[in-house]
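Please see the structure below; I have some questions.
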Amino acid sequence: MNPSPTPHSAAPRTPAGRWSDSLFMRACRREPVERTPVWLMRQAGRYLPEYRAVRGRVGFMELCKTPSLAAEVMLATVDRLGVDAAIIFSDLLPILEPMGMDLEFAAGEGPVIHNPVREAADVARVHELSSLDSLSYVFDCVRATRAGLDDSLPVIGFAGAPFTLAGYCIEGGTSKSWLHTKSLMYRSPSAWHDLMDRLARAVSAYLVAQLDAGAQVVQVFDSWVGCLCPDDYRRYVLPHSRLAMAAAAARAPVIHFATGNPALLPLLAEAGGTVIGVDWRIGLDEAWKAIGHDRAIQGNLDPAVLLGNRDTVRQRTLDVLAAAGGRPGHIFNLGHGVHPQTPVENVLELIAAVKG
Ligand code: CP3
């Protein structure tokens, strides 16, 4: 693991890279820290009035494709919250556009893919991601975020894991049951593996390009893989997730995150990840035992707790810290993204509680 990846020639950087001694990077390496580092998934989102004001002027995809503005949204959020890392402002799904998916973020509906893959034969129209050129706005966003951020804080790049991306390609949007996805997986395993392999290679190149552009760490989101049982995860997903993460993991810490199914934790760790992201459906102490104490862990407060009162937020935050038991290698986060209806003061209370 190399916490200071090769500098990209175009990126303005501090030679020493003070971020490599940050609480966050030390926690990734399971070194002892003075206090637990904290950031939140969807920390720049609709719960923030400043974000809603930007979105009143600019559509979501347009925001993602305007690197200076996307970086500004995240940098202002990091300042406002006082968190210990900046994730780039982007989304899981833009990588699918150059692969042939017709993506739209329709107002109030979330993502829609107008040409979903439903049959084995449809897999042929998912292109190999042979060039990253059309995603240059993402790498420009990494550069702009790195250039604007205090050099004591790391920038987190990210991508969707192959299963979660395949789920969107096949369903054409979010789903509760992921039945079209499972149906293709069980009916046409060879087409499934073909699609997963194409996605895994695309994700691998995409993560490495984010490191080249100046990110210090990357997170892989397998947000919906919890709908699978462990045997199916091993058979249909694990080799692809491993391939997607391997090249980035050779250079920088990788956070491997999934939700919904604690029974998958040992297999997620087997697939890879310097840090394993866990949700609230299992105690942090129990999760860490299942993963193994040779890995760092990220999590795991239920984001719904932030809809309660401030005393509850503080108490439940301290409970998560207590479950981590002061072991080195804990990054505080929610178990999933901040809900849009969350009061900002509760987010600030959580961060203050972690900082003690
Ligand atoms: O603050 C951050 O964490 C950085 C930015 C970020 C966004 N999406 C911005 C966003 C990150 C890291 C993501 C990842 C993402 N995108 C995931 C993985 C995290 C998770 O929740 O599991 C997923 C599944 C997506 C796909 C996605 N994007 C959905 C399902 C939706 C619609 C639902 C929703 O929350 O609106 C989005 C839209 C989206 N991505 C928004 C933001 C701020 C809201 C769009 C808006 O402004 O209207």
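No lab work stands behind these numbers, since they all come straight from the coordinates. Computed from a prediction, not measured in an experiment: that's the story for all the values here. A quick note on method: Cβ atoms are made from the backbone with ideal geometry, for glycine too, and the neighbour counts reach across all protein chains shown.
May I ask you to compute the full-extension gain from residue 125 to residue 150, defined as 0.36 nm times their residue separation minus their alpha-carbon distance, rounded to one decimal in nm?
Using 0.36 nm per residue and subtracting the Cα-Cα distance, I get 4.7 nm.
Non-local amide H neighbours of residue 217 (under 5 Å, H modeled in plane, Pro and chain starts lacking H): which ones?
155, 157
Taking the alpha-carbon centroid of each part, what is the distance from the range 171-245 to the range 115-136 in angstrom?
If you average the Cα positions of each part, the centres end up 14 Å apart.
Quick one: length gained pulling residue 20 to residue 53 fully straight, 0.36 nm per residue minus the C-alpha distance?
My answer for the length gained is 8.5 nm.
If you line up the Cα atoms of the range 28-183 on their principal axes, what length do they span on each, largest first, in Å?
Computed over the range 28-183, the largest-to-smallest principal extents equal 53, 41, 32 Å.
Under 18 Å from a label point 7 Å along Cα→Cβ of residue 307: give me every residue in the range 45-77 with its amide N that close.
Once the point is set 7 Å along Cα→Cβ of residue 307, 45-48 turn out to lie under 18 Å by backbone N, inside the range 45-77.
While we're here: At q = 0.11 Å⁻¹, what base-10 log of I(q)/I(0) does the Debye formula yield for the range 197-311 when every alpha carbon is treated as an equal point scatterer in vacuo?
Here the Debye-derived log intensity ratios amount to -0.37.
Take 36, 66 and order them by how many other Cβ atoms sit within 10 Å, fewest up front.
Ordered from fewest to most neighbouring Cβ atoms within 10 Å, 36, 66 come out as 66, 36.
Give me Rg over Rh for the range 159-204, both radii from the alpha carbons and Rh done the Kirkwood way, two decimal places.
That ratio equals 0.95.
From Cα pairs below 8 angstrom and at least 6 apart in sequence, can you work out the relative contact order of the range 249-356, rounded to a whole percent?
25
Starting from the Cα-Cα distance between residue 339 and residue 314, subtract it from 0.36 nm times their residue separation and give me the gain in nm to one decimal.
Gain in length upon complete extension: 7.2 nm.
Quick one: 125, 42, fewest Cβ neighbours within 10 Å first, how do they rank?
125, 42
Based on the alpha-carbon gyration tensor of the range 120-232, what equivalent-ellipsoid semi-axes (square roots of 5 times the eigenvalues) come out, in whole Å, largest first?
30, 16, 11
Which ordering of 174, 164 is given by a fewest-first count of other beta-carbon atoms within 10 Å?
The fewest-first ordering by Cβ neighbours comes to 174, 164.
Then there is this: May I ask for the distance between the Cα centers of the range 31-85 and the range 337-356, given as a whole number of Å?
Each part's Cα centre sits 13 Å from the other's.
Report the label-to-label distance for residue 106 and residue 352 in nanometres (one decimal), using points 7 Å from each Cα along the Cα→Cβ vector.
Result for the modelled spin labels: 4.2 nm.
Convert 10 °C to kelvin, take the viscosity as 1.306 mPa s, use the Kirkwood radius over C-alpha pairs of the range 18-355 as Rh, and evaluate the Stokes-Einstein diffusion coefficient in µm²/s, rounded to a whole number.
For the chosen part, D equals 79 µm²/s.
Moving on to the next point. Assuming 0.890 mPa s and 25 °C, estimate D for the range 263-356 with Stokes-Einstein, Rh taken as the Kirkwood radius over Cα pairs, in µm²/s.
182
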